[in-house]
Amino acid sequence: MRAEAETGKIVSIAPSINGDATTADHMLDPELLRRNLVVGFESTDSEDVHPFSVLRSQLLKHVRATGSRVFAIMSVQPGNGKTHVAVNLAAALSRIHPTVLVELDLRRPSLGQALGLSPIRPGIDDTLAETATLQEFGMRIDGTKLTVHRVRTSKANPEALLSSDKLTELTNAIRNSDDQPICIIDTPPAVIHDDIMLIAPAVDGIIMVVQEARTSKRALVNTIKSLSPTPVIGTVLNRSISSPLQTAEYEYYYNTMSEPGSS
Ligand SMILES: Nc1ncnc2c1ncn2[C@@H]1O[C@H](COP(=O)(O)OP(=O)(O)OP(=O)(O)O)[C@@H](O)[C@H]1O
Ligand SMILES: [Mg+2]
């Protein structure tokens, strides 16, 4: 991992929502987590865990400086690593701070599978549809300060759910929670639908995941502009192919974001 001064502000962060009000703790399977490249819960400083510890530190610094606590992980294209970054950052955060991880990729949810969570319990989709409360759908993760709000059932047309006042109510509930959790929101890719335009107004800041040789600068700049006035507080360069190190798959670059269009 290395830092570069070329592009942007911080670079990555994690989520959580009101763990105390949720029901029984959920146990996670360490082997399944490893298979799914979820390493952020681990307390080692190995090459694959270290980037998330650094991202966590940067995010906490941002939180302390701004008071912001609700962040969305976004990317231009599908498959750039949003979910990978969101889960691992949330996991790393949850080892030291109350954290809420929220899945808002309602079309193609993957969080429940990545963490091995029950497919039956109500999810954030039920809450947005007002058939379950925030307290009912939160899954508190045993041994951590993490609460997960995954999508239970995929939705072909989630625009109505995402544009309802319920999403704003939800993020406000997180902001007003007594334990002052940090919330990390996993989102769908920008290029497919305009779901992230509906999500952006409800969050305090955005962390953009970019993938070397895949994400074009023009598309990135246009996406950042379209999300305004919600600020992009940082970028993560995931799966670098030009790293000088051998561990290129886990290279993350965090910088201070430049103004959209300035480079
Ligand atoms: N740094 C990494 N090292 C190894 N594998 C990775 C890395 N980042 C992502 N992957 C893998 O690449 C695939 C796509 O990643 P992920 O699902 O996080 O992307 P995404 O941006 O959330 O995709 P989508 O837009 O479809 O939701 C997954 O199989 C994930 O495990
Ligand atoms: Mg994803």
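The set of residues in the range 23-81 being polar (S, T, N, Q) and either within 19 Å of the chain's Cα centre (by Cα) or surrounded by 21 or more Cβ atoms within 10 Å (Cβ to Cβ) (or both) consists of N36, S53, S57, Q58, T66, S68, S75, Q77, N80. Annotation: of all residues in the range 167-192 being among the polar types (S, T, N, Q) and without any contact (Cβ under 8 Å) to a residue 12 or more places away in the chain, the one that is least open to solvent (accessible area, probe 1.4 Å) is N172. Only a single item in (1) closer than 21 Å to T187 by Cβ; (2) open to solvent by 40 Å² or more (accessible area, probe 1.4 Å); (3) away from ligand 1 (no atom under 13 Å from the Cβ) is not met by R107, and it is number (3).
Evaluating D25 against the criteria (1) modelled with pLDDT of 95 or more; (2) touching a Lys or Arg at 6+ places or on another chain (Cβ under 6 Å) leaves one unmet condition, (1).
Test L89 against the criterion of being in a helix (DSSP H, G or I), touching a helix residue (DSSP H, G or I) at 6+ places or on another chain (Cβ under 6 Å), more than 10 Å from ligand 2 (Cβ to nearest atom) and closer than 11 Å to D186 by Cβ, and give yes or no. When the stated conditions are applied, L89 passes them.
Assessment of the range 11-19 against the conditions (at pLDDT 95 or above and either open to solvent by 10 Å² or more (accessible area, probe 1.4 Å) or not hydrophobic (A, V, I, L, M, F, W, C) (or both)) yields no matching residue. Of the residues in the range 97-108, not one is touching a helix residue (DSSP H, G or I) at 6+ places or on another chain (Cβ under 8 Å), of a type outside the set (F, W, Y) and in a helix (DSSP H, G or I). Filtered by the rule that a residue be away from ligand 2 (no atom under 16 Å from the Cβ), of a type in the set (A, V, I, L, M) and under 14 Å from the mean Cα position of the chain (by Cα), the range 143-189 gives L146, I182.
Is it the case, given these coordinates, that I196 is closer than 23 Å to S94 by Cα and either polar (S, T, N, Q) or crowded, with 16+ Cβ neighbours inside 10 Å (or both)? No.
Within the set S110, S94, the sole residue that is among the small types (G, A, S) and within 16 Å of ligand 2 (Cβ to nearest atom) turns out to be S110. Of the residues making up the range 46-68, those that are within 18 Å of H84 (Cα to Cα) and not small (G, A, S) are E47, D48, V49, H50, P51, F52, V54, L55, R56, Q58, L59.
Please go through the range 113-131 and pick out each residue that is at negative phi and open to solvent by 10 Å² or more (accessible area, probe 1.4 Å). Of everything in the range 113-131, those that are at negative phi and open to solvent by 10 Å² or more (accessible area, probe 1.4 Å) turn out to be Q113, A114, L117, S118, P119, I120, R121, P122, D126, A129, T131. Does the range 115-127 contain at least one residue that is more than 16 Å from ligand 2 (Cβ to nearest atom), touching a helix residue (DSSP H, G or I) at 6+ places or on another chain (Cβ under 8 Å), at pLDDT below 95 and not in a loop (DSSP other than H, G, I, E, B)? Yes, that holds for at least one residue.
The values are calculated or read from the model by the stated rules, or taken from the named source; none is laboratory data. A quick note: this is a predicted structure, and the numbers were derived from the prediction, not measured. Every residue, glycine as well, gets a Cβ built from its backbone with ideal geometry; the counts of neighbours run over all protein chains shown. Areas reflect the complete protein model, heavy atoms only, side chains present, ligands, DNA and RNA absent. Shrake-Rupley method; radii C 1.70, N 1.55, O 1.52, S 1.80 Å.
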